Amino acid sequence: MPGLPEMAIFAVIVLVLFGKRLPGAMRSLGQSVGALKQGLAESENTEDPPALESNTKTPTAA
């Protein structure tokens with residue numbers, strides 16, 4: 001099991017390698033978690049899923 005010094009060194013290496021991309025990745029992750037929570041809350045509010053409506057017309061015999 002790595003100790004505190006090893007984890008600190010690992011964190012510094014990760015920050016050096018991925019420092020410029022981390023804010024964008026974390027922002028994207030936060031938006032994804034927010035969308036997931038919103039979707040789960042909406043699904044709990046609705047008891048029955050909405051019925052799928054067909055926009056296509058059925059062919060008629062001529």
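With θ set to phi - 60°, apply the Karplus curve 6.51 cos²θ - 1.76 cosθ + 1.60 along the range 32-44 and write out the HN-Hα couplings as whole Hz, x wherever there is a Gly or Pro.
Result, ordered by residue: 5, 5, x, 5, 5, 5, 5, x, 5, 5, 5, 5, 6 Hz.
Which loop trypsin sites (Lys or Arg not before Pro) in the range 1-30, with loop taken from DSSP, have no more than 16 other Cβ atoms within 10 angstrom of their Cβ?
Values: sites: Lys20, Arg21, Arg27; in loops: Lys20, Arg21.
Those satisfying the criteria are Lys20, Arg21.
Could you run the Karplus curve 6.51 cos²θ - 1.76 cosθ + 1.60 with θ = phi - 60° over the range 11-17 and give me ³J(HN,Hα) per residue in whole Hz, x for Gly and Pro?
5, 5, 4, 5, 5, 5, 6
What list of ³J(HN,Hα) values in whole Hz, one per residue of the range 18-28 in order, does the Karplus curve 6.51 cos²θ - 1.76 cosθ + 1.60 (θ = phi - 60°) give from phi, with Gly and Pro shown as x?
3J(HN,Hα) across the range 18-28, in whole Hz: 10, x, 6, 8, 4, x, x, 5, 5, 4, 5.
Once ligands and nucleic acids are excluded and a 1.4 Å probe is used, how much of Glu6 is accessible, expressed in Å² to the nearest 10?
Glu6 exposes around 100 Å² with every protein chain in place.
Using 0.36 nm per residue of separation minus the Cα-Cα distance, give me the extension gain between Asn45 and Ala11 in nm, one decimal. Show your work: numbers first, answer last.
Working: separation 34, 0.36 × 34 = 12.24 nm, distance 4.12 nm.
Fully extending the segment from Asn45 to Ala11 adds 8.1 nm.
The values are calculated or read from the model by the stated rules, or taken from the named source; none is laboratory data. Predicted model, so just to flag it, every value in this text is computed and none were measured. A quick note on method: Cβ atoms are made from the backbone with ideal geometry, for glycine too, and the neighbour counts reach across all protein chains shown. Side chains are part of the model used for accessible areas, which takes the heavy atoms of the whole protein and leaves out ligands, DNA and RNA. Shrake-Rupley method; radii C 1.70, N 1.55, O 1.52, S 1.80 Å.
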